[in-house]
Amino acid sequence: MERYEIEAFLTLADELHFGKSAERLKVSTGRVSQTIRSLERRIGAPLFERTSRRVTLTPVGRQFLNDLRPGHDLIQLAVERATTAGRGVPGVLEIGFVGAGASTFLLEAADRFADDHPGAEVRIRELPLYEGTSALRADLVEMVFLFHPVDGTGLGVGPVLRRLPRLLAIPNGHPLAARDSVSLNDLAGITLIGAPGSTPPAVAEDRVPTRTPDGRPIRHGKTANTFQEATALVGAGEGGFILGDEGSCYRAHPRITYLPIDDAPPLDGRLVWRESRENARIRAFNQAALATSRNDCRKPRSAELLGATTASLRSPSGRPCP
């Protein structure tokens, strides 16, 4: 049964008048009459009794109406809800992040988003290290803010919102701790805190590389699932950990030295979401985050500024701010 046949039948059942039904449906009276006759032939019985004075439902027509109306109303409601979800901004948006610096930026973006869209709410939750896209695929969150390569297809990726120079966190007693900076080749003399086995290979190689640029192997030690675990292991002398320079001293640790990695590419922070789940809220939050990034002193910087910025960010103890 075609949708226009259902609409014609339900409208005529409401109006019991071909002319008024035609006006509501924005078609001719003849088109309504033709559609109803075609529907009656398909069913095999008259649905309406027609006289020169009035139109009434037959017993078969009334039964058909009682059976059809609830299902039609549910379909209409489903369409309305889907349209609201796709085009409407009000509602709850779940966003995941990794690291305290990311949460600070997201909170600023969420404030802007709420100001621009009353009735919308953002809920932010911390995720395990390197597992942002798996949280998306499991529908734990609708968006994630990531500082590592995006694995897999079917994901929408926003523009770079923050660009952070890479730092190496090492125990104070390590021989390299007395230096002002290190290179990627220096990682051959360091045991890095490892990534969990569930980490996608491209992400693991980016954040916990297995070889230096000159081909020497890099040792991996104990694994960490969170930033807190990683810094605790570094402080305990278990190895080094690569992270982004957030431009603040909130990670200052009495047992850890933070050194810029001179030749490492920066960490680019982007919002990521499932393309199949994209809606107006996701698009609106992207706009709010982009506007926040433009006004952020930690926004993406040109490559020539990255080194100078890192060198200028020192904690009171003389260590770079992580």
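On the given criteria, is D186 within 22 Å of the chain's Cα centre (by Cα) and in a helix (DSSP H, G or I)? Answer is no for this residue. Of all residues in region 197-217, those satisfying the criterion of being farther than 19 Å from P165 by Cβ, part of a loop (DSSP other than H, G, I, E, B), modelled with pLDDT of 90 or more and not β-branched (V, I, T) are D214, G215, R216.
In the list L271, L267, L313, L305, which residue meets the criterion of being modelled with pLDDT of 85 or more and either out of contact with any helix residue (DSSP H, G or I) (no Cβ under 7 Å at 6 or more places or on another chain) or aromatic (F, W, Y) (or both)?
The conditions single out L267.
Of the residues L243, L176, which single one is assigned to a strand (DSSP E or B) and either polar (S, T, N, Q) or touching a residue at least 60 places away in the same chain (Cβ under 8 Å) (or both)? Among L243, L176, only L243 is assigned to a strand (DSSP E or B) and either polar (S, T, N, Q) or touching a residue at least 60 places away in the same chain (Cβ under 8 Å) (or both). Within region 101-124, if we keep just the residues that are farther than 20 Å from D245 by Cα and acidic (D, E), the residue that is surrounded by the fewest Cβ atoms within 10 Å (Cβ to Cβ) turns out to be D115.
Residue pairs whose Cβ atoms lie under 8 Å apart, separated by 6 or more positions or on different chains, with the first residue in region 187-215 and within 14 Å of P149 (Cα to Cα) and the second open to solvent by less than 20 Å² (accessible area, probe 1.4 Å) and among the small types (G, A, S), are V208/G194. Of the listed requirements (1) over 30 Å from Q287 (Cβ atoms); (2) surrounded by fewer than 22 Cβ atoms within 10 Å (Cβ to Cβ), G154 misses just one: (1). With respect to S21, determine if the residue is in contact with a Ser or Thr (Cβ under 8 Å, 6 or more places away or on another chain), among the polar types (S, T, N, Q), closer than 23 Å to G71 by Cα and assigned to a helix (DSSP H, G or I). Criteria met by S21.
The values are calculated or read from the model by the stated rules, or taken from the named source; none is laboratory data. Given the structure is predicted, the values throughout are model-derived calculations rather than measurements. Because the Cβ atoms are built from the backbone with ideal geometry, glycine has one as well, and the counts that use them run over all protein chains shown. The accessibility values were calculated without ligands, DNA or RNA, using every heavy atom of the protein model including side chains. Shrake-Rupley method; radii C 1.70, N 1.55, O 1.52, S 1.80 Å.
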